[in-house]
Each structure stands twice: as C-alpha cells, then as structure tokens.
Amino acid sequence: MLGIETSCDETGVALLRWEPGAPGNGLLSHTLYSQIKLHAEYGGVVPELASRDHVRKLLPLVREALTQAGLTTADLGGVAYTAGPGLVGALLVGASAARAMAWALGVPAIGVHHMEGHLLAPLLEENPPEPPFVALLVSGGHSMLVQVKGVGEYKILGDTLDDAAGEAFDKTAKLMGLPYPGGPALAKLAEQGRPGAFRFSRPMTDRPGLDFSFSGLKTQVLLAWQQSDQSDQTRADIARGFEEAIVDTMIIKCRRALQASGAKRLVIAGGVGANKRLRAELAAAGEKDGFQTYFPRLAFCTDNGAMIALAGAIRLAHGQHQDETVQVFPRWDLETLPPAM
Ligand code: ATP
Ligand code: MG
Ligand code: FE
C-alpha cells in the first residue's frame, strides 16, 4: 500500500505491506517534506502555496519511498490518500495523483480520513493498542476525545468549542513573539520555565463534560505577557505555566472519558501528542489509575504518510475502496465513517 498525505503543509509518503501482528504492521519506508520554511514568513499556512508545493514534491517523494523499500510501482496493490478533512487544494493534489496512479496501475484507491490516520498511528508501533480504547486526538485543527470500539466505530465524547490544542500552542507562542510554527518552540521554552511562576486556569474542568476550550487561556497568557517585564526568563515561565494548564486539562478530561466509557486503554495521537510533558504525565496517570497509554513515535504524531498507508491498508483488507471519481472532503465528520468489518 502506498500512502499519500497532503492535507495541509506536509507532503508525506509511505509504503506498507499490511501484516497484522508484524513489527510496525509491515511499514516498509516513509518520506516527508515539511513546508514550514515556505509558510514561516507569512506566519501561517498559505493554502495556494501549499498546493503548489505538494505538486512539486509529491512524485519525487513517491520515487524516494519506492527506492528506500526496494520496490517499483508494479509492486503496488493499492494507493491510499488523505481525502479530508483539510485544505481543499492541498487535498486535491494528493487525491488526483493517487487516483491517477491507481487507475494507471489497475489497483484500488482508498480515500482516508486524516483523523482516522492520526488515531490509528499507534498501530505502527510495538505493542499496538487493541480496541476498545479512548483516543485523545490533539492536533493543529482538532482536540477530540473519541471512543473507539473498532476501526470505523467512533463516538466523539468531547470536542473543542474554539481553538484546537495545537492552534492554542501556536497562537500563544506567536503572541509572545516566537516564530511560526510556535507550538514545538513554546514546548521547548517551557522546559526552562520555573514551575509555579505563573498559574493559568484549567478551562472547563470545574463542570462536568468532555469538551475543551482553549481560547480563554490564550487571552490569560496575553494579559500576563503584556503586564510582565517580557524578559527571556518570564517568557519561559509563562510558557511553562501555559503548558502545565493545557496538560492538566487534558489529563482531567482523559480520566473522565476513560471512566465514562469503561475503557482501560488510552491512545494519544496528533501533533500535540509529541509534547513531552503530555506524554510523561499521561503515562504517569495511567500507572496510577490502572490504564495503559499508547503513543505513536514522535515523527508519526504530526502529519505523515505512514498513518495514511496503514488506515488505507486496513480499509482495503475489509474490501473498502473508492470508485473512479476524484473526491475530497474539506470538512468531514469522523462519526460518519463506515465500520471496517
Ligand atoms: P489536523 O490534524 O487537525 O488537521 P494538522 O495536521 O495541522 O491538523 P498535526 O500535524 O497533527 O496538525 O500537528 C501539528 C500541530 O502540533 C501544530 O499545531 C504544532 O504546534 C503542534 N505540536 C507539534 N509538536 C508539539 C509539541 N512538542 N508540543 C505542543 N504542540 C506541538
Ligand atoms: Mg502540519
Ligand atoms: Fe494532522
């Protein structure tokens, strides 16, 4: 299975020979090109530039992935691509290329839901999680708690009411003057911050429910930053306080979701899943409360082709693939996916 990811600002390609139970479930190779530098001077992703860069990079990356795996296109049994959600132009680049390749090779094309890709990414690791589990999906565009009974059997337990977790990291970093994309930089800075120097609220934890809201936290940081001496140490202290607030909030909600669903396994995925404090503290909470935590490796937390190849391979193994039209879904509800059975 060839996997192609082009939903936003990363071009990701991977090859996988679906082998349930094999190490990495049969991942053979993966390549990635990040457009971060291209968008940095604008302070955010410029959709038209993203599409054009996917056009430039996609086929060279496909060749590279094939070379790495020692395969040719004749070895392909299917082509999976991200069909949504994401930027429409960027999605269309991957979808058109994937559909054309599949048509030329006479193999099926599989349109994958980007968030299902993120959700299944821990299956690329050793000791993959078995459903049922709860998934915390925290990325640039989403903050969700999902009850997973099986592949395609998803119930959204909680969602964000405003900013996604990654978006909150990025915007907060920006307002303290960190360059785009600020999330990872803010997390790094937080390592030098002093614990307790700044304390921000844990939004929406004082009432029942599993939804998230992070935009108020961003405003609290803005006020604290404006009223501070704006020194390097203060910036790090605020970053630390912000990260602790986000991580605490997520732990509280994860505990609630596990309790509500009765699940004993927690999957953490999406770009913010790369956050060290989140990983460490959720693993510690799991040891204390008796639930098992599962994370993708850092490179598979953010966007990548491997998760798309994997989701596509599972779908195809259950006889699911697209017809010959090229269709993308910039907005696409995870709960509407068919079960893979
Ligand atoms: P979506 O998956 O919702 O469509 P996306 O694909 O843009 O959004 P991802 O690639 O999954 O998002 O993740 C990128 C996000 O993860 C960015 O917002 C980035 O700031 C955040 N991120 C990456 N590393 C870290 C980290 N160590 N700490 C906190 N946030 C991080
Ligand atoms: Mg990205
Ligand atoms: Fe993503």
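The values are calculated or read from the model by the stated rules, or taken from the named source; none is laboratory data. Predicted, not measured: the structure shown is a model, and the values here were computed from it. Cβ: placed from backbone, ideal geometry, glycine included. Neighbour counts: every protein chain shown.
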*Out of the residues in segment 1-24 that are surrounded by fewer than 24 Cβ atoms within 10 Å (Cβ to Cβ) and more than 15 Å from ligand 1 (Cβ to nearest atom), which is nearest to HIS118 (Cα to Cα)?*
GLY24
_strands (runs of 3 or more DSSP E) contained entirely in segment 1-112, each with at least 3 residues that are farther than 20 Å from LEU337 by Cβ_ = 10-16, 27-34
*Filter segment 99-140 for residues that are within 17 Å of LEU310 (Cα to Cα), more than 16 Å from ligand 1 (Cβ to nearest atom) and of a type in the set (D, E, K, R) and give the result.*
GLU125, GLU126, GLU130
*asked:* Within segment 317-331, does at least one residue satisfy the condition of being under 30 Å from GLY262 (Cβ atoms), free of Cβ contacts under 8 Å to residues at least 12 places away in the same chain and surrounded by fewer than 14 Cβ atoms within 10 Å (Cβ to Cβ)?
replied: no
*Determine, yes or no, whether ALA187 is under 18 Å from the mean Cα position of the chain (by Cα), within 30 Å of GLN227 (Cα to Cα) and within 16 Å of ligand 2 (Cβ to nearest atom).*
yes
*In segment 28-65, how many are in contact with a Leu (Cβ under 7 Å, 6 or more places away or on another chain) and farther than 30 Å from GLU167 by Cα?*
2
*Meets criteria (at pLDDT below 95, aliphatic (A, V, I, L, M) and more than 16 Å from ligand 2 (Cβ to nearest atom)) for ALA22*: yes
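I'm trying to understand the selection: among the residues of segment 25-54, which are away from ligand 3 (no atom under 16 Å from the Cβ) and either of a type in the set (Ser, Thr, Tyr) or crowded, with 18+ Cβ neighbours inside 10 Å (or both)?
From segment 25-54, those away from ligand 3 (no atom under 16 Å from the Cβ) are 25-29, 31, 37-38, 40-43, 46, 48-49, 51-53; that's our starting set.
Selection gives ASN25, GLY26, LEU27, LEU28, SER29, THR31, TYR42, SER51, ASP53.
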*Name the pairs whose Cβ atoms lie under 8 Å apart, with the first residue in segment 275-287 and small (Gly, Ala, Ser) and at pLDDT 95 or above, the second part of a helix (DSSP H, G or I) and more than 16 Å from ligand 3 (Cβ to nearest atom), and 6 or more positions between them or separate chains?*
ALA285/ILE251; ALA285/CYS254; ALA285/ARG255
